[in-house]
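Asks: Let me give you the structure first, and then I'll get to my questions.
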Amino acid sequence: MIKIKKIFTDKSVFKRYAKEISSICKKIKAPLVILNSKEDLYIKSQRLDLGKNNVYLTLQRGKILSKCPCSKGSISCGYFVLDTMVGCPFDCSYCYLQIYQNIRATSFYLNLEEKIKKVAQFLSKRKKFMRIGTGEFCDSLTLEDILPQLDILYFYFKKLPFVILELKTKSDNIKSLLNLKPLKNIVVSWSLNPQKIVKEEEKYTASLNKRLKSAYLLQQKGWYVGFHFDPIIYSPDYKDIYLEVIKRLRKFYPKKIAWISLGTLRFPPRTPQVIKERFPDTKILNGEFILSNDNKYRYFRHIRREIYKFMLDNLKMYFKDVPIYLCMETALVWKEVFGFVPDSKYFSNLFSSHFSI
Amino acid sequence: MGILKVKTEQILLEESFTISYPLYEEKLYESIKKVGLLSYPILKKEKDKFKIICGKRRIFVLKKLGIKEFEALVIKISNKDAFILGFLDNLAKRDLNLVEKINVLKGLKEICKLSWSQIAENFSQSLNLPSNPHYLNKIYYIHELEDSAKILLCKERINLETCLRLLRLNETERKVFLEVFNKLFLGRNKANDLLDFYFKIRNKRSQKDILKKIQSFLKKEHTSPKQLFQTLREYLFRKAYPRYSAAKDKVKNLINNLKLQDIKVEFPQNFEEKELIFSFKVQNIKDFITKVNALSHIDKEKLSEIFKTL
């Protein structure tokens, strides 16, 4: 279990949520620091200490539901992001939060239920198929033991059968889910990488074994599971090590695999500098990265094409009916790998028919 | 204690409390040679020897000049205070260079036994360094670098970031890159460019050959620094980006094989689109028709090969 060392909150938030905050502190057994200003938590100059073991109890003041920004010029899969938390106790070398996050703590929202309730009201009126995920700015499950959110999400999304909620994780923290009745519209998904990469580049995360074991256990209990090979990291032996992972997925029941996504490593221009500083021994920057049209560094397109074709061919051998898609890829790469470029309806048809919604 | 006559042989030059770097300075040498010492070095007595608190450079010059005895202020002081006195004395008189600042960090850590947080809080401002303990801890290791690197750092021919990256190389690799940086006056971006490419390939078996090749480039005479940098960069880039470079070369060759005179054919350098731009200038209708004719008779097989390669 993740150990939280410090809890921060603002004076104004403490006034309003004193009871809730005290109970969280009691449960976590971590000291509370009441801040005069959020600025005290800002990361100054060098972004070396991201406060992986700190929590900032605050309020969600902006838009909680937004369209996944995808990437300029990429094919969007129509995903929506539910901002339930920002920050992650894991420390993956490639993580974009290193650039994005500006405070030394994971922000946990005390007004989550209020916000989710409003989203649920909006979605129930809209009555349209949607895929929403909470794992964009955080790991959906890793803090669930100590800062639970699942009950709230479960309660509201249970009433929204046409909306698929995805909980994305690199943990094996599935206890809370095991106590719940599986819902067809809640997918628990894992980011997968070969154990060698997990060990070297995904600090503090659960091992590949543990991730697959958890996924299997949940699928056996009746939950839909999903897998994300994202980011796929190129190395001279990538075929061997990724094939090994694909082979281990064979034991999963394809009909209960919600989707498998593929995405190769990519990052905005400022990221390599931070990665070099924080992870001087990382090998992830060793590839042939080229600045692509969306101003992100990606592997040279021929390498991406080769990786995707390899992954797709091997995944299709076992999972020909499972939706497999590329995350944040260009139309040209889609065309080269899949032979077609998806239009705006492609994804909603693909997923809704798989879920029979 | 007080002003005493001290023999230069009694000085423990290597165990001093001072931070001065580099030790030898031509101007100081000339000045001492002409007028002698203008102020007393400050020393701490250790049994029958002396450790320098202030004046290491001056004593170094005295030794170089063959002076056997000089006057100094000898004081009784703890090691911690001796180090702080030496460092504050230097700081009051002049700006410290980066190596000296790192020597200060080393002394505060090792002699004064302070934590990085204490150092950051109490000394980073006077040293004009960021007050981040992790950062201070990181740059502290620069003291492990060899003199050839430290001298380049003092001369500002390499920067802190480059130094930190040099620390990750082994001695042989570092020697080669220090030779490069010594020969070429590179800015931060250019120096890091070379290191970036090298880090991408350094784990490969060909590491030894790469270093040899770099050295062979360095030995070539009559090459301007600009040319040398370009050659090195191109060589390392090709090693670090083999597939991209091969594809780019192939497309360039195929375009040349189209033999379109005075018609420029460009392709996306990042290969993110399969497209070509044909451009040409015309001066009259005849010229225009000639170029359009050339385009309409373009070798379609060769053109199709280009699109395939893209």
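Asks: Select, from A:Leu183, A:Leu178, A:Leu143, A:Leu112, the only residue that is open to solvent by less than 20 Å² (accessible area, probe 1.4 Å) and touching a helix residue (DSSP H, G or I) at 6+ places or on another chain (Cβ under 8 Å).
Replies: Values: A:Leu183 fails: open to solvent by less than 20 Å² (accessible area, probe 1.4 Å); A:Leu178 fails: open to solvent by less than 20 Å² (accessible area, probe 1.4 Å); A:Leu143 fails: touching a helix residue (DSSP H, G or I) at 6+ places or on another chain (Cβ under 8 Å).
After ruling out the rest, the residue left standing is A:Leu112.
Asks: Going through B:Phe288, B:Phe280 one at a time, which residue ends up being touching a residue at least 12 places away in the same chain (Cβ under 8 Å) and either farther than 25 Å from A:Arg301 by Cβ or within 14 Å of chain A (Cβ to nearest Cβ) (or both)?
Replies: Numbers: B:Phe288 fails: touching a residue at least 12 places away in the same chain (Cβ under 8 Å).
The match here is B:Phe280.
Asks: If you go through the stretch A:116-133, how many residues are in a loop (DSSP other than H, G, I, E, B) and touching a residue at least 40 places away in the same chain (Cβ under 8 Å)?
Replies: Residues of the stretch A:116-133 in a loop (DSSP other than H, G, I, E, B): A:127-129.
Now narrow it down to the ones that are touching a residue at least 40 places away in the same chain (Cβ under 8 Å): A:129.
Result for the stretch A:116-133: 1.
Asks: Only one of A:Ser344, A:Ser353 is farther than 29 Å from A:Leu97 by Cα and of a type outside the set (Asp, Glu); which? Let's see the steps before the verdict.
Replies: Details: A:Ser344 fails: farther than 29 Å from A:Leu97 by Cα.
Result: A:Ser353 is the single residue among A:Ser344, A:Ser353 that is farther than 29 Å from A:Leu97 by Cα and of a type outside the set (Asp, Glu).
Asks: Follow-up question, since we're still on this one. Which of the residues that make up the stretch B:150-167 are over 14 Å from B:Lys190 (Cα atoms), outside any helix (DSSP H, G or I) and at pLDDT 90 or above?
Replies: B:Leu167
Asks: Which of the residues spanning the stretch A:321-357 are β-branched (Val, Ile, Thr) and within 30 Å of A:His302 (Cβ to Cβ)? Even if it seems obvious, please write down each step before you answer.
Replies: Going through the stretch A:321-357, the residues β-branched (Val, Ile, Thr) turn out to be A:322, A:324, A:330, A:333, A:337, A:341, A:357.
Residues satisfying the conditions are A:Val322, A:Ile324, A:Thr330, A:Val333, A:Val337, A:Val341.
Asks: Yes or no: B:Lys264 of a type in the set (Lys, Arg) and farther than 28 Å from A:Lys72 by Cα? Quick ask: steps written out before the conclusion?
Replies: Details: of a type in the set (Lys, Arg): yes; farther than 28 Å from A:Lys72 by Cα: yes.
Yes.
Asks: Open to solvent by 40 Å² or more (accessible area, probe 1.4 Å), farther than 22 Å from B:Ser148 by Cα and at pLDDT 90 or above: which single residue out of B:Ile52, B:Ile67, B:Ile42, B:Ile59 fits that description? Spell out how you get there, then give the answer.
Replies: On the way: B:Ile52 fails: open to solvent by 40 Å² or more (accessible area, probe 1.4 Å); B:Ile42 fails: open to solvent by 40 Å² or more (accessible area, probe 1.4 Å); B:Ile59 fails: open to solvent by 40 Å² or more (accessible area, probe 1.4 Å).
Only one candidate qualifies: B:Ile67.
Asks: Filter the stretch A:219-260 down to residues that are among the hydroxyl-bearing types (Ser, Thr, Tyr) and within 22 Å of A:Leu285 (Cα to Cα) and give me whichever is modelled with the lowest pLDDT. Working first, answer last.
Replies: Pass one, the stretch A:219-260, residues among the hydroxyl-bearing types (Ser, Thr, Tyr): A:224, A:234-235, A:238, A:242, A:253.
Applying the additional criterion that residues be within 22 Å of A:Leu285 (Cα to Cα) yields A:234-235, A:238, A:242.
Values: A:Tyr234: 96, A:Ser235: 93, A:Tyr238: 97, A:Tyr242: 98.
Going through the qualifying residues, I end up with A:Ser235.
Asks: Another question, then. Quick one: would you say A:Leu65 is more than 21 Å from the chain's Cα centre (by Cα) and surrounded by fewer than 20 Cβ atoms within 10 Å (Cβ to Cβ)? Don't jump to the end; show me each part of the working.
Replies: On the way: more than 21 Å from the chain's Cα centre (by Cα): no; surrounded by fewer than 20 Cβ atoms within 10 Å (Cβ to Cβ): yes.
So A:Leu65 fails the test.
Asks: Is it true that B:Thr223 is surrounded by 15 or more Cβ atoms within 10 Å (Cβ to Cβ), among the polar types (S, T, N, Q), out of contact with any Asp or Glu (no Cβ under 9 Å at 6 or more places or on another chain) and away from chain A (no Cβ under 14 Å)?
Replies: Values: surrounded by 15 or more Cβ atoms within 10 Å (Cβ to Cβ): yes; among the polar types (S, T, N, Q): yes; out of contact with any Asp or Glu (no Cβ under 9 Å at 6 or more places or on another chain): yes; away from chain A (no Cβ under 14 Å): yes.
Criteria met by B:Thr223.
Asks: Another question, if that's okay. Inside the stretch B:255-289, can you point out the residues that are open to solvent by 80 Å² or more (accessible area, probe 1.4 Å) and part of a helix (DSSP H, G or I)? Write out each step before concluding.
Replies: Narrowing the stretch B:255-289 to residues open to solvent by 80 Å² or more (accessible area, probe 1.4 Å): B:256, B:259, B:261-262, B:264, B:269, B:275, B:277, B:281, B:283-286, B:288-289.
Scanning the stretch B:255-289 gives B:Asn256, B:Ile285, B:Lys286, B:Phe288, B:Ile289.
Asks: If the requirement is being more than 19 Å from the chain's Cα centre (by Cα) and free of Cβ contacts under 8 Å to residues at least 12 places away in the same chain, which of these qualifies: A:Glu113, A:Glu39?
Replies: Working: A:Glu113 fails: free of Cβ contacts under 8 Å to residues at least 12 places away in the same chain.
Matching residue, one of A:Glu113, A:Glu39: A:Glu39.
Asks: From the residues in the stretch B:115-156 that are surrounded by 16 or more Cβ atoms within 10 Å (Cβ to Cβ) and among the basic types (Lys, Arg), which one is farthest from A:Pro280 (Cα to Cα)?
Replies: Applying the filter and picking the extreme gives B:Lys150.
Asks: Would you be able to say whether some residue in the stretch B:169-192 is within 14 Å of chain A (Cβ to nearest Cβ), within 26 Å of A:His302 (Cα to Cα) and not in a helix (DSSP H, G or I)?
Replies: Checked the stretch B:169-192: no residue is within 14 Å of chain A (Cβ to nearest Cβ), within 26 Å of A:His302 (Cα to Cα) and not in a helix (DSSP H, G or I).
Asks: Please enumerate the residues belonging to the stretch B:130-153 that are facing chain A (nearest Cβ under 10 Å) and among the aromatic types (Phe, Trp, Tyr).
Replies: The one that is facing chain A (nearest Cβ under 10 Å) and among the aromatic types (Phe, Trp, Tyr): B:Tyr135.
Asks: Search the stretch A:324-341 for residues being surrounded by 19 or more Cβ atoms within 10 Å (Cβ to Cβ) and part of a loop (DSSP other than H, G, I, E, B), and hand back the single one that is farthest from the other protein chains (Cβ to nearest Cβ).
Replies: A:Cys327
Asks: I'm checking my understanding of the structure. Among residues of the stretch B:1-20 that are in a strand (DSSP E or B) and over 20 Å from B:Gly66 (Cβ atoms), which one is least open to solvent (accessible area, probe 1.4 Å)? Even if it seems obvious, please write down each step before you answer.
Replies: The first filter runs over the stretch B:1-20 and keeps only residues in a strand (DSSP E or B), leaving B:2-7, B:11-12.
Filter once more, so that each one left must be over 20 Å from B:Gly66 (Cβ atoms): B:2-4.
On the way: B:Gly2: 21, B:Ile3: 82, B:Leu4: 63 Å².
Restricting to residues being in a strand (DSSP E or B) and over 20 Å from B:Gly66 (Cβ atoms), the top hit is B:Gly2.
Asks: Right, something else. On the given criteria, is B:Ile201 within 14 Å of chain A (Cβ to nearest Cβ) and β-branched (Val, Ile, Thr)? Before the answer, list the steps.
Replies: Numbers: within 14 Å of chain A (Cβ to nearest Cβ): yes; β-branched (Val, Ile, Thr): yes.
So B:Ile201 fits the description; yes.
Asks: Among residues belonging to the stretch B:231-254 that are in a helix (DSSP H, G or I) and within 8 Å of another protein chain (Cβ to nearest Cβ), point out the one that is nearest to B:Glu305 (Cα to Cα).
Replies: First, the residues of the stretch B:231-254 that are in a helix (DSSP H, G or I): B:231-240, B:242-254.
Okay, now just the ones that are also within 8 Å of another protein chain (Cβ to nearest Cβ), so B:240, B:242-244, B:247.
Numbers: B:Ala240: 26, B:Pro242: 20, B:Arg243: 17, B:Tyr244: 17, B:Ala247: 12 Å.
So, considering only residues that are in a helix (DSSP H, G or I) and within 8 Å of another protein chain (Cβ to nearest Cβ), the one nearest to B:Glu305 (Cα to Cα) is B:Ala247.
Residue by residue, here is whether (1) more than 30 Å from B:Lys138 (Cβ to Cβ); (2) within 24 Å of the chain's Cα centre (by Cα); (3) open to solvent by 10 Å² or more (accessible area, probe 1.4 Å) holds:
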position	(1), (2), (3)
A:Lys283	no, yes, yes
A:Arg301	yes, no, no
A:Glu306	yes, no, yes
A:Leu315	yes, yes, no
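The values are calculated or read from the model by the stated rules, or taken from the named source; none is laboratory data. The model shown is predicted, which means the values in this text are computed figures rather than measured ones. All Cβ positions, even for glycine, are placed from backbone atoms using ideal geometry, and neighbour counts span all protein chains on display. Areas reflect the complete protein model, heavy atoms only, side chains present, ligands, DNA and RNA absent. Shrake-Rupley method; radii C 1.70, N 1.55, O 1.52, S 1.80 Å.
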